[in-house]
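*Asks:* Right, I'll just put the structure down here and ask away after.
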Amino acid sequence: MKLKKLFSIMLVGAMVLTMTGCGSSGNDAGTESKTEESAAVEDTAETESAEDAGAVQESTGTDEEINLTFWHIWPDADMGAIVDSYVELFEKEHPNVHIESVATQEVEYQNNKLKVAAATGSQGDVFMSWGGGYAKAYVDAGVVLPLDDLMDKYGTKDELLDGTLTYATYDGKTYGLPLKQWAGALFCNEELFAEYEVEIPETFDELLEAVKTFRAAGVTPMVLGAKDGWHIGMIQNALAVRTAGADYMNLALQGEETLDTEEIVKSAELLCQLNDAGAFPDGTLGLGSEESQEEFYMGLVPMYYGGSWVSSGCDSDENEIQGIIKAVPMPTVEGGKGGINSFSGGAIDMMMINANTENPEMAYEFAVGVTKYMSEEAYKIGDSLPAWKIEVDESEISPTLRQVEELIKNADGYVLAWDTFLEGAAIEAHYELLQGLIAGTTSPEEFAAGMQAAQEEVKGNAE
C-alpha cells in the first residue's frame, strides 16, 4: 500500500494554490521591493527574542553542529525578506545551527519540486506545504512527521487560534503548523463606482447589473487571469458557498456528498453569466493571475474578487488605489443556502517536518519559530490573517486587511479553495473544467458531473 501511495505522489496533476490559495502567497503584484522590506524587517528583528518560537525555545543541551534545510516558496518580495530575517535571527540565537534556505517559485514548487522530492522523502527538514487534500498523499506515504507529541511537550496548541489545525489533521494526528488564514472578499474601487454611478453590489443580481454598466462604459469590470485555473476557481468556489452553503460544500469536497447537484450547477451558471456579460478582461484565458491584476492596482478596474492577501496590493505605495478600496463579501444569491456570513477561506498554508530529519526537535523549534514569526509579519504587511495568538498594534495593520477582518467577525462557516481540498488528479480536472466554462466548451451541468466523476476516480484509486 505504501508503494502505491508513493507512486501516487508522482502522478499528482499540476496544482496551483490560492492563501493561500489558494494562493495565496505574499507574492502578488503591488508589494514593496525585497531590499526595502529587508531593511524594515531587520530593524525590528534585532529586538525579537526567542519567545517568537513560543514555549519550544528550550536549549537542546548540545553544542553539536546541526544543519537544517528549509524549503519554501518566497524567493523574493516581502515574504522572502521576512524569511531571511527570521533565519538570521534563529542562527544568532543558536550558534551551532545552520539553516539552509531553499526558495522556489510557488507554482514550480507545488506542481513539481515538492511532489518529486516527497516521493522519496528527500524534501527539506522543514518544508512549506498545504494541508487538506494536497498533503494527504505525503502523509499517507509516511514522509511527514506527526507533531502531536512535540506539540503536547511544548504546549504549542495553546498558542494557536481555534480551528487553525483542521486541515493539518489526518486520522486524528497533526502534521502541520498553520502559517496563516485567509478569507475571500470582493475588493471594490469606490472612486470608479462613484464615477460611473454604480452601487457596490450586495446581491448577485446587483453584481451582474454593475458588470453590464461598467462594460457598456468601456471599463473592464472584474479581474480574472483564467490562464491560471485557480483564479477562476476563486470566483466559482465563492459562488458555490452562496448556492450550496458552507456545510454542504465541506462535506462534498471531502467526498461525503456529491458535487453533482443543482446548487453546484448553479454556481457554474452564475460564473457563465458574469463571463457572458463581459465581466472579465478580453483574452482572459491567455492572462495569468498576476498579469491580470495589474490594471486593478493601477485604478482602472473596479472589482477584484480574491483572498485577503489582495489587501497588501491595495495599500502598497507602489499602486494607485490606497484609501479608495472597500472590501465586501461575495454578494448573496437569491434562493442560495449560504448567507452573507459564509466565506471562502481557512488555514491551509502549513510548515511541515520531514519524517526523515535527523534533528526532529531542532527542526520543530525552527518550524514553530518561523511559522509564528511569519504569521505576525505577514499580518502586518496585509498579506494574510494570523493563525497564531499574537499581539500587534492595530495601527501597523493594512487598512484594507482590517476591513476583511471586520467582515469575518460574525463568520458562520468557511470553505477552503477547492484546489487545496481536492486530491490528486481531481485538482487538474477542476482547472480544466473551469477553463471550459470560460471558453464556452463546458456547460454548467458538465462541470458538476465532471467534478463528481473526478472526485470518485481519485477516491476510488486511493482505496
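*Asks:* For the list (1) open to solvent by 30 Å² or more (accessible area, probe 1.4 Å); (2) in a loop (DSSP other than H, G, I, E, B); (3) under 16 Å from Leu192 (Cβ atoms), I need the number of the one condition that Gly255 fails.
*Replies:* (3)
*Asks:* What's the total number of residues in the stretch 333-367 that are of a type in the set (A, V, I, L, M, F, W, C), crowded, with 20+ Cβ neighbours inside 10 Å and under 30 Å from Ile264 (Cβ atoms)?
*Replies:* Final tally of qualifying residues: 5.
*Asks:* Which of the residues belonging to the stretch 374-412 are among the small types (Gly, Ala, Ser), closer than 17 Å to Thr164 by Cβ, in contact with a Phe, Trp or Tyr (Cβ under 9 Å, 6 or more places away or on another chain) and open to solvent by less than 10 Å² (accessible area, probe 1.4 Å)?
*Replies:* Of everything in the stretch 374-412, those that are among the small types (Gly, Ala, Ser), closer than 17 Å to Thr164 by Cβ, in contact with a Phe, Trp or Tyr (Cβ under 9 Å, 6 or more places away or on another chain) and open to solvent by less than 10 Å² (accessible area, probe 1.4 Å) turn out to be Ser375, Ala378, Ser384.
*Asks:* Can I ask one more? Is it true that some residue in the stretch 220-233 is closer than 24 Å to Trp182 by Cα, in contact with a Leu (Cβ under 6 Å, 6 or more places away or on another chain) and surrounded by fewer than 20 Cβ atoms within 10 Å (Cβ to Cβ)?
*Replies:* So far as the stretch 220-233 goes, yes, one or more of its residues are closer than 24 Å to Trp182 by Cα, in contact with a Leu (Cβ under 6 Å, 6 or more places away or on another chain) and surrounded by fewer than 20 Cβ atoms within 10 Å (Cβ to Cβ).
Conditions tested, residue by residue: (1) outside any helix (DSSP H, G or I); (2) open to solvent by less than 50 Å² (accessible area, probe 1.4 Å); (3) acidic (Asp, Glu).
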site: Pro75; (1), (2), (3): yes, yes, no
site: Ile82; (1), (2), (3): no, yes, no
site: Val87; (1), (2), (3): no, yes, no
site: Val102; (1), (2), (3): yes, yes, no
site: Val107; (1), (2), (3): no, no, no
site: Asn112; (1), (2), (3): no, no, no
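Conditions tested, residue by residue: (1) of a type in the set (A, V, I, L, M); (2) modelled with pLDDT under 90; (3) in a helix (DSSP H, G or I).
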position	(1), (2), (3)
Met351	yes, no, no
Thr371	no, no, yes
Leu401	yes, no, yes
Leu433	yes, no, yes
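*Asks:* Select from the stretch 161-211 the residues that are assigned to a strand (DSSP E or B) and either open to solvent by 10 Å² or more (accessible area, probe 1.4 Å) or among the aliphatic types (A, V, I, L, M) (or both) and list them in ascending order.
*Replies:* If the condition is that a residue be assigned to a strand (DSSP E or B) and either open to solvent by 10 Å² or more (accessible area, probe 1.4 Å) or among the aliphatic types (A, V, I, L, M) (or both), then Thr169, Tyr170, Lys173, Leu177, Gln181, Ala183, Ala185, Leu186, Thr203 are the ones that fit.
The values are calculated or read from the model by the stated rules, or taken from the named source; none is laboratory data. All values derive from a computational prediction rather than experimental measurement. As a convention, Cβ positions derive from the backbone with ideal geometry for all residues, glycine included, and neighbour counts pool all protein chains shown. With ligands, DNA and RNA removed, areas are computed over all heavy atoms of the protein, side chains included. Shrake-Rupley method; radii C 1.70, N 1.55, O 1.52, S 1.80 Å.
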